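The values are calculated or read from the model by the stated rules, or taken from the named source; none is laboratory data. The structure displayed is predicted, hence computed values, not measured ones. Glycine gets a Cβ as well: all are built from the backbone with ideal geometry, and neighbour counts include every protein chain shown. Surface areas here come from the heavy atoms of the whole protein model, side chains and all, with no ligands, DNA or RNA. Shrake-Rupley method; radii C 1.70, N 1.55, O 1.52, S 1.80 Å.
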Amino acid sequence: MKDSDFDIRSVHARRVWDSRGRPTVEAEVALHGGALGRAIVPAGASKGTREALELRDGGAAFGGLDVRQAVAHVNGEIARAVVGLAADDQAALDARLIALDGTPNKARLGANATLAVSMAAAHAVAAARGLPLYASLGGADATLLPMPQIQIFGGGAHAGRRVDIQDFMIVCPGAANFAQALEWTAEVYAQAGALMRARGALAGVADEGGWWPAFDTNEEALETLVGAIENAGFVPGEQVGIALDIAASDFGREGRYRLGLEQRELDSDGLIELLLRWCERFPVLSIEDPLGEDDAQGFARFTRAAPRRLQIVGDDFLVSSADLLREAAAAGAANTVLLKPNQRGTLTETRQCWDAARALGYRAIVSARSGETEDTTIVHLAIGWQVGQLKVGSFARSERMAKWNEALRIEERLGARARFAGAAAFGGGRS
Ligand code: PGA
Ligand code: ZN
């Protein structure tokens, strides 16, 4: 293989459709040596305001969500700028995309345009090397299978605000390997469905495939989740624990939080107290966005008051930004960052956030968005970068299962070399 085999020969984008039936961007990058890479960008619904901009056309078609401009940017300006560049220098390629856009948040070209190209180039390089993407990214060290965080009930913005909390998920610190974590999740997911059916409350699924949250209180959802874990035969908190995404930015700003289901308003300290009570009463091992994205002080107070074992994750709060993570670390806020490539718009910037996290002693979780597709790039990022945790949504619907199944294939391919992040992924579980 010659060096020039990795040079970009052509770039092409098209509009495809995501799991909510909305338009999104797919890009293909072809290299001189003949290799081809392809990637599709996902889309969030409960987005942080400091995320990179996802370019949508506005207007009447598809609720204003069309992506014709982003597609045109890839096929025009971006293609002209990156053809001839070495795709295996991801940092240089992404720097070119960032400079071409020229704004701090990809507002001109769209993060959906830049990320599609950034990811497709990584896939093309892997194909040229004859390697799966995780191995192309991580080499011989890329053997760590992530702890999955899997949604059982969906809520918040993903379920018409039926309940306040967005994600009721489980993690399996007691599982011996990734495949077993999925087996346990399958049992808990089925038991949760059975419990809902038994109370006449089974009403389909939310955006990410979790059961529809037909509950009267947030606590009722938590109780049902513990019941499902027990009915599946697992010890709550030991073998299988709870992970929550509160997504508090969706129901609060400036330190005022409005819990719709319970018809009450809380200030930051009131919400902190409520969440800490839930963490005491239920086997919660991980909690994401407990406070709003504009409530850094609340975040820091929550982090100080929480038990040390609790994983505290910033999603809307940190938007995969190395800079925001450094600020949070200086303030003592959170101990884990969610990594969503489309919050930044290039792989390199997402990777920089992970590098910053490691340097600061933070953990990380690679995460999907609520609008997804068959694209499995994030699975390869989680393993290739040895991040140790992966959040993809529920255990239903193929845009979710495509990811879990891809990780199973990788675990099998690694064979005896495969390691599982296990309880250590989030600091060792409950003890
Ligand atoms: P989103 O939700 O993709 O709709 O932003 C996912 C999350 O909050 O983790
Ligand atoms: Zn979140």
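Only protein atoms count toward the accessible area here, which uses a 1.4 Å probe; on the chain, the carbon and sulfur part of that area reaches 48 percent.
On the basis of the beta-carbon distance and an R0 of 25 Å, SER10 and SER398 show a calculated FRET efficiency of 0.25. Our note on the geometry: Cα centres of region 191-225 and region 231-302, 19 Å apart.
Solvent exposure of the chain amounts to 36 Å² per residue of accessible area, where only protein heavy atoms count and the probe is 1.4 Å. Over the chain, DSSP H runs of length four or greater, each weighted -39,500 (n - 2.57), average out per residue to a 222 nm ellipticity of -11000 deg cm²/dmol. Placing +1 on each Lys and Arg Cβ and -1 on each Asp and Glu Cβ, with no other charges, gives region 102-225 a dipole about its Cα centre of roughly 600 debye. Sorting 33-39, 113-119 by their mean Cβ neighbour count within 10 Å, with the most densely packed peptide first, gives 113-119, 33-39.
For a label point 7 angstrom out from the Cα of LEU202 toward its Cβ, which stretches of region 384-417 have the backbone nitrogen within less than 18 Å? Those under the cut-off are 395-397. Placing +1 on the Cβ of every Lys and Arg and -1 on the Cβ of every Asp and Glu, with no other charges, gives region 3-130 a dipole of roughly 460 debye about its Cα centre. Would you please state which residues of region 211-228 a label at ALA194 would reach in this model, taking the label point 7 Å out along Cα→Cβ and a backbone N cut-off of under 14 Å? Taking a point 7 Å out along Cα→Cβ of ALA194, the residues of region 211-228 whose backbone N falls under 14 Å are 227-228. The count of lysine pairs in the chain that are at least 8 places apart or cross chains, and whose C-alpha atoms lie under 18 Å apart, stands at 7. Farthest towards the positive end of the charge dipole of the chain, among the residues GLY210, GLY193, PRO148, is the Cα of PRO148, using unit charges on the Cβ of Lys, Arg, Asp and Glu. If only the Cβ of Lys and Arg carry +1 and only the Cβ of Asp and Glu carry -1, the dipole of the chain around its Cα centre is close to 520 debye. When the Cα positions of GLY139, PHE251, VAL379 are compared along the charge dipole of region 139-425, GLY139 comes out farthest toward the positive end, with charges on each C-beta of Lys, Arg, Asp and Glu. Between ARG309 and ASN231, the simple label model (points 7 Å from Cα in the Cβ direction) yields a spacing of 2.6 nm. One decimal place: the segment LEU131-ARG108 gains 4.9 nm when fully extended, by the rule 0.36 nm per residue minus the C-alpha distance. Think of the chain as a dipole: +1 on every Lys or Arg Cβ, -1 on every Asp or Glu Cβ, centred on the Cα centre; then among VAL125, ALA396, GLY21, VAL125 lies furthest on the positive end.
Just add up the charged neighbours of ALA322: K/R +1, D/E -1, any other residue whose Cβ is under 12 Å from the Cβ of ALA322. With Lys, Arg at +1 and Asp, Glu at -1, the neighbours total 0.
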